[in-house]
Amino acid sequence: MIPRLALVHGPTPLEAMPRLGRELGIELWVKRDDATGGAEAGNKIRKLEYLLADAKAKRATVILTCGGTQSNHARATAIAAARLGLRCELLLREGDLADMPSPFPPQATGNVLLERLVGAIIRPLARSDWSRRNQRLEERARALTADGETPYIVPEGGSNGLGALGYVRAMAEVREQLNYGLGPQRPKRFDVIVHACGSGGTAAGIVLGAARHEVAPQVRPFAVCDDARYFQAVIERIMGDAQALDESLDRAADLVIDDRARGPAYGVMDRLQLAVLVRVARTSGLVLDPTYTGKAMAGLVGAITSGDVALGSRVLFLHTGGLPGLLAQGAALAEAL
Ligand SMILES: *Cc1c(COP(=O)(O)O)cnc(C)c1O
C-alpha cells in the first residue's frame, strides 16, 4: 500500500448540469473538485494526500514548492503543511499578472493572502529562472539542510507519478458514484472527460484512472500555458512514473491534448473566454476562474463548435477549483461584468 493522508473532503459531488448542457448541445456533468475542502480546496489537495504522506514518512520538517504568483498549488500546499504542523516555503514566479508586478512580496490577495495567513515563507523566483525551477528548489533544499532542517520538495503543481495517483483515486471515486446511480445510466460512463491542464499531473492520473475504472474512453485536457507537444511529453513521463508505482495501471484512456484555449497568456483571458466565464456563472451558478477552469470551459465550447466534441456527447467537466485566483483578478474582470 502506498501511504496516503486523508485531506480531501470527499467524495466530491457529481452534478448534472442540464440547462447549461442543453445550451451547449451536450449531456453535461460536473465533478466538483472545487469542493475538495475549505480554503485548501481544488485539485491539488488530491495529489498532496500522497505527496505529504511521503513527506511525513521521510520525517520532513519543511515543505518546499514553486508556482506562479497566484498559484493554487502553492496555496493548497501551504495550508495542508500548516495543518500537519510543517513549515512551508514557496518560490513564486515574479510578475505573472499586470496588476501584480514585482517586486516581492506580492500583494496579499487571493492565494497569496491565504499563504501569508498560514505563515508560509514566500521567496521570489525570477521569470527568467522559471526554466530552472527544479534547480532553484534543490538549492534552497540544500541551504535548509545546512540549517538543520529536513526539506521535502513537492514539484510544480504536485505533478509527478506519486501526485498523479490522487487522480487515479478520483476516478475510482467517480466509478463508485456511477455504480450508485449518481451519474448517467446505460451505460454508466462518460464519452469524454475535459479539464484544465497546467502541469500535467491531473491529466496523467485521469488518463490512467479513467481506463482502470472505465469512467471514459477519452480525456481532453485543455492546456492553459504550454502547447500540446510539450504536454504530451510531460504527461507521458508522469504516467510512466505512476505506472512504476502501481502495476495495476496498465491501460490508458485516449489522450487528446487541446491547446486552442490558452488565450493571450497564462492567467489572462481573451474577450470571448471572459464572456463564457461570465455567462456560465450567470446561467448556471457554476463559478469558474480565469486561469484554469474558465479556459477549459471556453475550450469545451470551442471543441463543440469545431465538432471535436460531438453534439449529444456525455461530457464530464472536472471543476478543479481556483476560486482564490478569481478573487485576485477583480480588475481584469471588471469590464466583463
Ligand atoms: C493546478 C490547476 C489545474 C491544472 O492541474 P495540473 O495537474 O497542474 O495540470 C487546473 N485547475 C486549477 C484550478 C488548478 O489550480
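The values are calculated or read from the model by the stated rules, or taken from the named source; none is laboratory data. Keep in mind that what you see is a predicted model, and the values were worked out from it rather than measured. Cβ atoms come from the backbone with ideal geometry, glycine included; neighbour counts cover every protein chain shown. Calculation scope for accessible area: heavy atoms of the full protein, side chains included, ligands and nucleic acids excluded. Shrake-Rupley method; radii C 1.70, N 1.55, O 1.52, S 1.80 Å.
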Quick check on my filter: what residues within the stretch 285-322 are touching a residue at least 12 places away in the same chain (Cβ under 8 Å), open to solvent by 30 Å² or more (accessible area, probe 1.4 Å) and over 24 Å from residue 218 (Cα atoms)?
287
Residue pairs qualifying under the 9 Å Cβ cut-off, at least six apart or on distinct chains, with the first in the stretch 64-87 being over 18 Å from residue 164 (Cβ atoms) and of a type in the set (Val, Ile, Thr) and the second being open to solvent by less than 10 Å² (accessible area, probe 1.4 Å) and part of a helix (DSSP H, G or I), are 69/111; 69/112; 79/45; 79/115
Listing of strands (runs of 3 or more DSSP E) fully contained in the stretch 49-156 that carry 2 or more residues being open to solvent by 50 Å² or more (accessible area, probe 1.4 Å):
121-125
Matching residues in the stretch 139-159 - criterion: being of a type in the set (Ser, Thr, Tyr) and touching a helix residue (DSSP H, G or I) at 6+ places or on another chain (Cβ under 6 Å):
152, 159
Residues 244, 233, 196, 211: which one is within 16 Å of the ligand (Cβ to nearest atom) and either in contact with a strand residue (DSSP E or B) (Cβ under 6 Å, 6 or more places away or on another chain) or touching a residue at least 24 places away in the same chain (Cβ under 8 Å) (or both)?
196
Here the residues within the stretch 13-63 that are more than 16 Å from the ligand (Cβ to nearest atom), touching a strand residue (DSSP E or B) at 6+ places or on another chain (Cβ under 7 Å) and farther than 16 Å from residue 154 by Cβ are 13, 14, 15, 16, 17, 20, 21, 26, 27, 28, 29
Every residue in the stretch 1-36 that is part of a loop (DSSP other than H, G, I, E, B) and open to solvent by less than 20 Å² (accessible area, probe 1.4 Å), please.
7, 12, 26, 36
All conditions in (1) at positive phi; (2) more than 16 Å from the ligand (Cβ to nearest atom) are true of residue 179 except (1)
State which residue is farthest from residue 22 (Cα to Cα) when the search covers only the stretch 289-331 and only residues that are within 13 Å of the ligand (Cβ to nearest atom), of a type outside the set (Gly, Ala, Ser) and touching a Lys or Arg at 6+ places or on another chain (Cβ under 8 Å).
324
Tally time: how many residues in the stretch 179-205 are surrounded by 21 or more Cβ atoms within 10 Å (Cβ to Cβ) and not in a loop (DSSP other than H, G, I, E, B)?
11
